[in-house]
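Quick notes on the structure that follows.
Nothing in this text is a laboratory measurement; each read-out follows from the coordinates by a stated rule. Just so we're clear, the structure is a prediction, and the values are computed from it rather than from any experiment. Here the Cβ positions follow ideal geometry from the backbone for every residue, glycine too, while neighbour counts run over all protein chains shown.
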2 protein chains.
Amino acid sequence: MAKYAVGVDIGGTTVKIGIFTVEGELLTKWEIPTRKDEGGAYILGDVAASIDEKLKENSMDKSEVAGIGMGVPGPVKQDGTVLKCVNLGWGIFNVEDELSKLSGLPVKAGNDANMAALGEMWQGGGKGYTNIVMVTLGTGVGGGIILDGKMLAGVNGAGGEIGHIQVKDDETETCGCGKKGCLEQYTSATGIVRQAKIALNTTDKPSKLRSVQYISAKEIFDAAKEGDELANDLVEAHGECLGRALAQIAATVDPEAFVIGGGVSKAGQVLIDTTSRYFVKYAFHACRNTKFELATLGNDAGIYGGAKLILG
Amino acid sequence: MAKYAVGVDIGGTTVKIGIFTVEGELLTKWEIPTRKDEGGAYILGDVAASIDEKLKENSMDKSEVAGIGMGVPGPVKQDGTVLKCVNLGWGIFNVEDELSKLSGLPVKAGNDANMAALGEMWQGGGKGYTNIVMVTLGTGVGGGIILDGKMLAGVNGAGGEIGHIQVKDDETETCGCGKKGCLEQYTSATGIVRQAKIALNTTDKPSKLRSVQYISAKEIFDAAKEGDELANDLVEAHGECLGRALAQIAATVDPEAFVIGGGVSKAGQVLIDTTSRYFVKYAFHACRNTKFELATLGNDAGIYGGAKLILG
């Protein structure tokens, strides 16, 4: 019977890999660089070789490993086909078959945001729930939906792509996706900083943010905690935008909990309080008690999710 | 082995019942009145007695019936507990256990909008798909989500309650749910008529709708087809509001197709064309090719869904 599972999280710069017990304990984790030469042709080979080496190093036999679960930065169809991972140079091919051939182990793959959601449900902020929507507020806004313990991948691999819900009509700047007014443009770390710059440039309101050279999401939330009025307005607007979008999502998939992660979530309880207050205002009455939790696994969520995916 | 399945759709006025072959052919259907006296205490007994009678009439043996699938007008938890069906006078109890005791048959229950979605997927406009979002544009706006062939009931029984997605900020009238600006207020049959009255009262635009005493959704779509400018504006606004909300839903659950039913869907292809045009405008690029279909089962969708639910 299998004792171990391997979780892999392929990013644009590094690949994170972890070996877990089947019960969910992370035994060892490490990183290798993501080799993007020749359309990313070496990435999966590097992953397989690195896992082999680490198993030997730890005297673990391959027969004791249930398999590899892998998150990739792009849409993945249910049969394991990636549809394009621009960051890696990958085109369209079946990553599960490919890594399985290279490693001699069963492989399952999914979108990295969905994997993070699965990881948080298994051993993180969503532990104890089986129906969650994970929201990652980082450079962009990622989402992952888990229903009855399973990832909602979506027919086009776009399940949980909530960062690209259009929330505003009057936006003039274009989102990375090509549309205007996406949730990501207001609620990601980049988004709230962009809103701060607009507010600082279009009002005369005094604010300690005026003396900060490089404003980050952290500075905005910290200033709001200290009573800075302009920062507080930004945090309120952030919470309203996010809370309202999550209310729309609740009226669609009706989860037990939202789990909030990513850099912005380091703001902590104030983010949860503000977002959930607006959520209650906009939510359909039956969903008003949906819980809000902070993610706890940080950058390891993806490898946890990988291990959980292959363990089923 | 079972030859038949029974589908039941409990409405506020009548209960629809149908007997199907396990292959999905509707053999016979009938209606009984919904007895709402004493908090709806007689409804399930009436249903059980009526099914017994009809089975005898058709010389069908109970052992040949796989069971009963039932749609009810309110949220139903996964264990079969209804949380309140205001229209029937029901409080909180397990309808599956209750009808199973009364009928001696296995029973599964679900929300009526979800059942209609399941029915349309099985034998209607969604046939051939396994991932659909059904949108019912009737007096209100109902929704039902089918993922991998299974209903998304939601943790609070509010899965697919898309009529109560908040889509406008400046609404002054209150929706039946207590909020303001719900999708239902603009895109239901009632909603588009309400919008027509506002347009007729606040503009001087000539329109043949001015000579209609009781405007219905049908008159608005018909006038638009005949080139009436004001009616056309209403149809465009309807399509934009609906298309945009469906784009948000696509970025969440990413289905293969939207199936549009309810009274408004009698407008036919013009409704599909307008809605899908705006959908493409607002949708995340990976979901832009999501199909749009018209529902085909009309008021029978619920009993089809019931039969499919119990057949699994």
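Given +1 at the Cβ of Lys and Arg, -1 at the Cβ of Asp and Glu and no other charges, the dipole of chain B around its Cα centre is 240 debye to the nearest 20. Cα convex hull, the protein assembly as shown: 178 Å³ per residue, rounded to a whole number. Placing a label point 7 Å from Cα along the Cα-to-Cβ direction at A:G176 gives distances to the equivalent points in the other copies of 4.2 nm, listed shortest first. Against the empirical 2.2 N^0.38 Å (N residues), chain B has a Cα radius of gyration ratio of 1.03. Radius of gyration (Cα atoms) of region A:128-296, expressed as a multiple of 2.2 N^0.38 Å: 1.02. Estimated purely from DSSP H runs of n ≥ 4, each contributing -39500 (n - 2.57), the mean residue ellipticity at 222 nm for chain B is -11500 deg cm²/dmol once divided by its residues. When only alpha carbons are used to place a centre, region B:232-262 and region A:108-168 end up 23 Å from one another.
If Lys and Arg each add +1 and Asp and Glu each add -1, what is the summed charge of the other residues whose beta carbon sits under 14 Å from the beta carbon of A:N156? Net local charge, A:N156 excluded: 0.
Take every Cα pair under 8 Å in region B:128-296 that's 6+ residues apart, average their separations, divide by the length, and report that relative contact order as a whole percent.
Working: 290 pairs, mean separation 39.2, N = 169.
This gives 23 percent for region B:128-296.
Using equal-weight Cα scatterers in the Debye expression, the normalised intensity of region B:54-157 in log10 at q = 0.14, 0.17, 0.18, 0.19 Å⁻¹ is -0.62, -0.87, -0.94, -1.01.
Cut-off is 10 Å between beta-carbons; in what order do B:M121, B:M70, A:M151, B:M1 appear when sorted fewest neighbours first?
Neighbour counts put them in this order, fewest first: B:M1, A:M151, B:M121, B:M70.
Taking the C-alpha atoms only, the angle from helix B:301-311 to the longest principal axis of chain B is near 40 degrees. Per the Debye calculation on region A:30-94 with a single equal scatterer at every Cα and no solvent contribution, log₁₀ I(q)/I(0) for q = 0.11, 0.12, 0.22, 0.23 Å⁻¹ amounts to -0.31, -0.37, -1.00, -1.05. Note on region B:128-296: antiparallel DSSP beta bridges, both residues inside, total approximately 50 percent of the bridges counted. Toward the positive end of the charge dipole of region A:128-296, with +1 on the Cβ of Lys and Arg and -1 on the Cβ of Asp and Glu, the farthest Cα among A:P255, A:S207, A:G143 is that of A:G143. Give the angle, between 0 and 90 degrees and rounded to the nearest 10, that separates the Cα long axis of helix B:43-57 from the longest principal axis of the Cα atoms of chain B. In chain B, helix B:43-57 runs at an angle near 70 degrees to the longest axis.
Ranked by the mean number of other Cβ atoms within 10 Å of their residues, highest first, the peptides A:97-103, A:59-65 come out as A:97-103, A:59-65.
Pairs of Cα atoms under 8 Å, at least six residues apart: use those to get the relative contact order of region A:1-101, whole percent. Mind dumping the intermediate values first?
On the way: 166 pairs, mean separation 28.9, N = 101.
Relative contact order of region A:1-101: 29 percent.
Once the Cα gyration tensor of region A:224-276 is diagonalised, what are the square roots of 5 times its eigenvalues, in whole Å and ordered largest first, as equivalent ellipsoid semi-axes?
Details: eigenvalues 103, 30, 11 Å².
Rounded to whole Å, the semi-axes are 23, 12, 7.
Legend: distances between Cα atoms for A:K29/A:K62; B:K36/B:K108; A:K62/A:K266; A:K127/B:K150; pairs beyond 29 Å are A:K62/A:K266. Take A:G268, move 7 Å from Cα toward the beta carbon, and the resulting point lies 6.3 nm from the same point in each other copy, nearest first. For the protein assembly as shown, the share of DSSP beta bridges that are antiparallel, to the nearest 5, is 60%. In terms of its C-alpha gyration tensor, region B:1-119 has a prolate overall shape, because the principal axis ratio a/c (a ≥ b ≥ c, square roots of the eigenvalues) is not below 1.5 and a/b outweighs b/c. Less than 5 angstrom separates the built amide H of A:L83 from those of A:K77, all sequence-distant by 5 or more or on a different chain. For chain A, DSSP calls about 60 percent of its internal beta bridges antiparallel. For the modelled label position 7 Å from the Cα of A:L27 along Cα-to-Cβ, which residues of region A:57-73 have backbone nitrogen atoms closer than 13 Å? Only A:57-67 pass the distance filter. Do you know the relative contact order of chain B, to the nearest whole percent, from alpha carbon pairs under 8 angstrom that are 6+ apart? Reported as a whole number, the value is 22 percent. The angle between the Cα long axis of helix A:189-202 and the longest principal axis of the Cα atoms of chain A comes to about 20 degrees, rounded to the nearest 10. For region B:216-312, GluC sites (Glu not before Pro) are listed when DSSP marks them as loop and at most 11 other Cβ atoms sit within 10 Å of their Cβ; the list is B:E226. Greater than 29 Å separation of Cα atoms is the criterion. Which listed pairs, B:K179/B:K218; A:K3/A:K101; A:K179/A:K218; B:K54/B:K291, meet it? Beyond 29 Å: B:K54/B:K291. For A:E31, the distances from its label point to the matching points in the remaining copies are 6.6 nm, ordered from shortest, with each point set 7 Å beyond Cα toward Cβ. Does region B:207-312 come out rounded, prolate or oblate, given a ≥ b ≥ c as the square roots of the eigenvalues of its C-alpha gyration tensor, rounded meaning a/c under 1.5 and, failing that, prolate meaning a/b above b/c? Oblate is the answer for region B:207-312, as a/c is 1.5 or above yet b/c matches or exceeds a/b.
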